[in-house]
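The values are calculated or read from the model by the stated rules, or taken from the named source; none is laboratory data. In this text the structure is predicted, and so the values were computed from the model without any measurement. Every residue, glycine as well, gets a Cβ built from its backbone with ideal geometry; the counts of neighbours run over all protein chains shown. These accessible areas exclude ligands, DNA and RNA; they are computed on the full protein's heavy atoms, side chains included. Shrake-Rupley method; radii C 1.70, N 1.55, O 1.52, S 1.80 Å.
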Amino acid sequence: MSLSQHTVAESPKINLFRSEENSLTIGLEGSWRISHGLHSLQELEQEVESAPGLRLIVFDSEKLTEWDSNLVTFVLKVMDYGSGKNIEVVKDGLPDGVVKLLALATAVPEQKDARKSATRIPLLARIGGQTVAFGSALTEMVGFLGAIFLAFLKLFAGKARFRRVDLVLFIQECGVQALPIVSLISILVGLILAFVGAVQLRMFGAQIYVADLVGIGMTREMGAMMSAIVMAGRTGAAYAAQLGTMQVNEEIDALQTLGLSPVEFLVLPRTLALILMMPLLCLYADFMGILGGGLIGVGMLNLSLVEYFNETKHAISLVDFNAGLVKSVVFGIIVALSGCLRGMQCGRSSAAVGVATTSAVVTAIVFIIVFDGMFAVIFDILGI
């Protein structure tokens with residue numbers, strides 16, 4: 001923003017002179033660029049102190065050669081100083097660009113007390129706020145569960161509207177593509193169970209019962225639980241991120257505009273895929289866990305492979321497998337609903353997508369542990 005071209009830029013200067021009894025003119029000279037440094041108000045303050053009746057400050061920019069934000073900053077300082085002294089500052093003598101920038105800079109005044117530290121909210125107010133938030137979240141959850149229930153009723157009646165190719169894709173994502181991580185986790189869990197049992201049972205010469213420990217532990221508890229936790233961190237988080245991103249991009253609003261139910265079109269196939277795949281993943285995890293325990297039994301306890309698997313076959317029954325399969329179906333529903341619920345509740349920003357993803361994993365894991373405890377009590381009452 002240059003007013004004229006000069007081979008040598010002059011330093012910024014101001015000339016102060018009284019045009020009238022209560023008026024002061026600030027003459028701007030030279031190059032007012034930031035490279036020359038900021039100009040102080042010392043001369044202006046001395047002039048104002050020597051003229052107690054001053055009521056008006058005007059600018060004269062005829063000798064101004066070039067300027068940038070340095071001049072805008074100086075004028076803002078003059079305006080702040082004049083406001084404190086009840087002196088009116090007239091900007092008519094400034095370049096048009098400066099006047100426009102000043103208008104933008106002063107368009108939104110600074111909020112009073114904006115920099116004060118936030119006041120501490122009373123304890124009862126915080127409890128009340130958390131209670132209201134919990135009630136609102138519970139209401140949303142119940143409404144979401146009701147919408148899912150109606151979507152499944154439409155599915156059984158053959159009226160649910162979603163793309164079958166999406167269901168096949170989700171089955172592949174939470175089925176075959178999940179096998180590597182489920183294999184790794186299940187083998188390690190089986191190894192850990194066998195090693196912990198071996199340390200204790202070896203003192204009594206009862207190493208053979210490591211097979212019982214691993215078999216029962218994997219089929220009744222760890223197979224279903226570890227598969228569910230892996231899927232919560234893998235698939236549940238993916239569901240929340242996908243639906244959250246669709247919420248940010250207003251794709252879900254577009255589906256509603258087209259007359260399609262987001263629950264039927266987006267949530268139903270994802271939930272159905274996990275319900276179908278979780279029992280299979282649970283059986284696979286059981287087998288891999290028993291295989292991992294066999295590595296410890298054969299390699300550390302000097303058991304033969306035939307002895308280990310014969311003992312495993314005698315220790316577990318169909319009841320143990322069925323208990324794990326029932327848990328896996330419930331855990332699959334929990335993972336799918338947690339991911340989809342948090343995704344549908346996502347805000348309209350990228351940060352909200354991250355929050356929804358984290359919340360989906362935490363919600364799924366918490367409910368998996370809670371329901372596993374409930375199953376333990378129910379199975380004990382039923383004698384299973």
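Please name all residue pairs, on different chains or six or more residues apart, with Cβ atoms under 6 Å, provided the first residue is in region 90-110 and is on the phi < 0 side of the Ramachandran plot and at pLDDT 80 or above and the second residue is surrounded by 11 or more Cβ atoms within 10 Å (Cβ to Cβ) and assigned to a loop (DSSP other than H, G, I, E, B). Final answer for the pair search is 97/1; 99/91. Got at least one residue in region 224-246 being touching a residue at least 12 places away in the same chain (Cβ under 8 Å), open to solvent by 30 Å² or more (accessible area, probe 1.4 Å) and more than 30 Å from residue 352 (Cα to Cα)? Within region 224-246, not a single residue is touching a residue at least 12 places away in the same chain (Cβ under 8 Å), open to solvent by 30 Å² or more (accessible area, probe 1.4 Å) and more than 30 Å from residue 352 (Cα to Cα). Considering region 256-274, the residues that are surrounded by fewer than 19 Cβ atoms within 10 Å (Cβ to Cβ) and either among the aliphatic types (A, V, I, L, M) or without any contact (Cβ under 8 Å) to a residue 24 or more places away in the chain (or both) include one that is nearest to residue 288 (Cα to Cα), namely 260. Within region 17-52, the residues that satisfy the criterion of being among the hydrophobic types (A, V, I, L, M, F, W, C) and either exposed (fewer than 15 other Cβ atoms within 10 Å of the Cβ) or part of a loop (DSSP other than H, G, I, E, B) (or both) are 17, 34, 38, 41, 51. Please verify whether residue 253 is in contact with a helix residue (DSSP H, G or I) (Cβ under 9 Å, 6 or more places away or on another chain), without any contact (Cβ under 8 Å) to a residue 40 or more places away in the chain and either open to solvent by 40 Å² or more (accessible area, probe 1.4 Å) or more than 27 Å from residue 363 (Cα to Cα) (or both), treating the condition exactly as stated. It is true that residue 253 is in contact with a helix residue (DSSP H, G or I) (Cβ under 9 Å, 6 or more places away or on another chain), without any contact (Cβ under 8 Å) to a residue 40 or more places away in the chain and either open to solvent by 40 Å² or more (accessible area, probe 1.4 Å) or more than 27 Å from residue 363 (Cα to Cα) (or both). Cβ-Cβ contacts under 9 Å between residues 6 or more apart (or on different chains), taken from a first residue in region 50-70 that is under 20 Å from residue 92 (Cβ atoms) and among the acidic types (Asp, Glu) to a second residue that is outside any strand (DSSP E or B) and open to solvent by less than 30 Å² (accessible area, probe 1.4 Å), are listed as 60/93; 62/93. Within region 330-345, can one find any residue that is modelled with pLDDT under 90 and outside any helix (DSSP H, G or I)? Yes, region 330-345 contains a residue that is modelled with pLDDT under 90 and outside any helix (DSSP H, G or I). The set of residues in region 120-157 being outside any helix (DSSP H, G or I) and either of a type in the set (Asp, Glu) or modelled with pLDDT of 85 or more (or both) consists of 122, 157.
For region 337-375, the set of residues classified as crowded, with 18+ Cβ neighbours inside 10 Å and free of Cβ contacts under 8 Å to residues at least 40 places away in the same chain consists of 363, 367, listed by residue number.
When restricted to residues that are assigned to a loop (DSSP other than H, G, I, E, B) and of a type in the set (A, V, I, L, M, F, W, C), region 53-80 contains 1. Take residue 264 and decide whether it is more than 26 Å from the chain's Cα centre (by Cα) and of a type in the set (Asp, Glu). No, not satisfied. Among residues of region 75-88 that are farther than 12 Å from residue 57 by Cα, none has a Cβ under 8 angstrom from a residue that is among the charged types (D, E, K, R) and part of a helix (DSSP H, G or I) at a sequence gap of 6+ or on a separate chain. Screening residue 88 on (1) buried (at least 16 other Cβ atoms within 10 Å of the Cβ); (2) under 16 Å from residue 25 (Cα atoms); (3) in contact with a Leu (Cβ under 6 Å, 6 or more places away or on another chain) shows it passes everything except condition (1).
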